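Report on one structure; see the data block that follows.
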Amino acid sequence: MIPTLTWTPEGVRFIDQTRLPLEESYVLATTYEQVADVIVTMVVRGAPAIGVSAAYGVALGAEKSAATTAAEFAPEFARICARLAGTRPTAVNLFWAIDRMKRVFGELQARGAGMDEVRARILAEAHAMYDEDIQACKTMGAYGGELLPDEGGMLTHCNAGALATCGYGTALGVIRAAVEQGKQIHVYADETRPFLQGARLTAWELMADGIPTTVICDNMAASLMRAGKIKAVVVGADRIAANGDFANKIGTYNVAILAKEHGIPFYCAAPWSTIDTATPNGEAIPIEERNAIEVTHHGGKQLTPHGVGICNPAFDVTPAKYVTAIITERGVLRAPYAESLREMELVAK
Ligand code: MRU
């Protein structure tokens with residue numbers, strides 16, 4: 001399995017996703033500040049991977065602290081959480097993971113725990129999130145794989161694969177599971193301008209698994225759909241609002257509209273940690289605006305004239321009306337999503 005992020009006695013080891021696919025190299029983060037940096041610079045990216053990375057960042061912060069009790073550690077714990085929470089605003093898994101750490105720490109503080117226990121308990125929670133993430137991907141993969149046709153081309157956007165999670169992937173987990181179920185799948189991967197997660201990462205990880213893959217430029221999807229080459233679309237999500245609207249990599253919305261126009265099913269696969277019932281709809285989802293250099297430059301070379309205006313929102317919102325089903329580890333949800341999400345949440349409680 002691709003080692004997206006690994007806890008080691010020295011720190012957290014990340015495969016450097018800014019260098020893939022031409023170079024497979026690793027970055028070791030030994031402090032929580034370094035974990036925050038690798039999230040901001042997208043050495044690690046993808047909503048579930050960001051969440052678990054932040055959890056390990058909190059664990060590193062606790063490990064490096066000179067405090068001797070939970071009470072003494074409390075102000076530092078708050079600073080660590082705030083720094084990690086300030087890295088990327090859209091992926092709700094980040095805030096979900098930090099909130100989970102806050103709950104654990106709150107209990108330890110209330111009991112007057114010492115730092116040895118704090119360190120052990122926080123690290124155990126991060127490990128639990130890591131394991132749960134892989135399990136969630138496999139479970140949603142099994143549900144989602146059943147929905148895909150027995151053969152044909154599947155379009156995906158960005159990278160919602162092993163590299164975006166602790167392993168296996170969400171959208172690519174669905175595709176992996178369909179292949180394991182014996183389906184003859186050919187993946188079309190949108191290149192995903194400007195950061196090229198599709199061309200670089202999705203292509204790399206699917207080729208490693210021997211799954212037939214073709215990279216297309218983002219503006220080619222419509223004509224492939226019209227030619228009958230795309231039988232279904234499967235994408236991931238950074239945040240799913242209470243009404244089923246969801247944020248994902250910029251360009252997902254375009255693909256959803258195209259799928260609707262061509263009568264192609266459009267699936268969104270995500271773990272429950274991506275569902276944010278506190279956000280009522282897509283309009284309330286904060287959208288990260290990234291540095292213009294991602295658009296103006298590629299591979300260190302400038303593409304655009306000096307001084308031209310640049311817009312670089314990292315995500316867009318796909319309205320729920322375009323979504324055929326939301327695939328989670330708890331099951332497959334159908335419209336109306338406000339009801340199905342609420343019901344599924346109640347069942348799980
Ligand atoms: O900016 P990124 O690369 O972090 O964006 C990633 C995506 O948009 C993914 O599709 C999403 O996080 C789901 S990952 C399982």
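The values are calculated or read from the model by the stated rules, or taken from the named source; none is laboratory data. Just so you know, these numbers come straight off a predicted model, no measurement behind them. When we count neighbours, we look across all protein chains shown, and the Cβ atoms used for this are built from the backbone with ideal geometry, even at glycine. For the accessible areas, the whole protein counts, side chains as well, though only heavy atoms, and no ligand, DNA or RNA atoms are used. Shrake-Rupley method; radii C 1.70, N 1.55, O 1.52, S 1.80 Å.
Go through the residues of segment 257-265 one by one and say whether even a single one is part of a strand (DSSP E or B) and touching a helix residue (DSSP H, G or I) at 6+ places or on another chain (Cβ under 7 Å). Taking every residue of segment 257-265 in turn, none turns out to be part of a strand (DSSP E or B) and touching a helix residue (DSSP H, G or I) at 6+ places or on another chain (Cβ under 7 Å). Can you confirm whether residue 68 is within 22 Å of residue 8 (Cβ to Cβ) and outside the structural domain of residue 283 (by TED's automatic domain parsing)? No; evaluated as a whole, the condition is false for this residue.
Residues in segment 7-47 that are open to solvent by 40 Å² or more (accessible area, probe 1.4 Å) and either small (Gly, Ala, Ser) or within 13 Å of the ligand (Cβ to nearest atom) (or both): 18, 40, 41.
Residue-by-condition table, conditions (1) open to solvent by 40 Å² or more (accessible area, probe 1.4 Å); (2) touching an Asp or Glu at 6+ places or on another chain (Cβ under 8 Å); (3) acidic (Asp, Glu):
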{"residue": "243", "(1), (2), (3)": "yes, no, no"}
{"residue": "258", "(1), (2), (3)": "yes, no, no"}
{"residue": "269", "(1), (2), (3)": "no, no, no"}
{"residue": "294", "(1), (2), (3)": "no, no, yes"}
{"residue": "297", "(1), (2), (3)": "yes, no, no"}
{"residue": "324", "(1), (2), (3)": "yes, no, no"}
{"residue": "338", "(1), (2), (3)": "yes, no, no"}
{"residue": "347", "(1), (2), (3)": "yes, no, no"}
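Among the residues of segment 156-192, just one is open to solvent by 20 Å² or more (accessible area, probe 1.4 Å) and within 12 Å of the ligand (Cβ to nearest atom), namely 168.
Among residues of segment 326-336 being in contact with a strand residue (DSSP E or B) (Cβ under 9 Å, 6 or more places away or on another chain) and in a loop (DSSP other than H, G, I, E, B), the one that is most open to solvent (accessible area, probe 1.4 Å) is 334. Residues considered: 125, 117, 107. Of these, the only one that is of a type outside the set (A, V, I, L, M, F, W, C), surrounded by 15 or more Cβ atoms within 10 Å (Cβ to Cβ), at pLDDT 95 or above and away from the ligand (no atom under 16 Å from the Cβ) is 125. Restricting attention to segment 25-76, the residues being among the aliphatic types (A, V, I, L, M) and without any contact (Cβ under 8 Å) to a residue 24 or more places away in the chain number 3. Taken across segment 303-318, residues that are within 24 Å of residue 223 (Cβ to Cβ) and buried (at least 17 other Cβ atoms within 10 Å of the Cβ) do occur, with at least one present. Which one is nearest to the ligand (Cβ to nearest atom) among residues in segment 268-322 that are free of Cβ contacts under 8 Å to residues at least 24 places away in the same chain and among the hydroxyl-bearing types (Ser, Thr, Tyr)? Going through the qualifying residues, I end up with 296.
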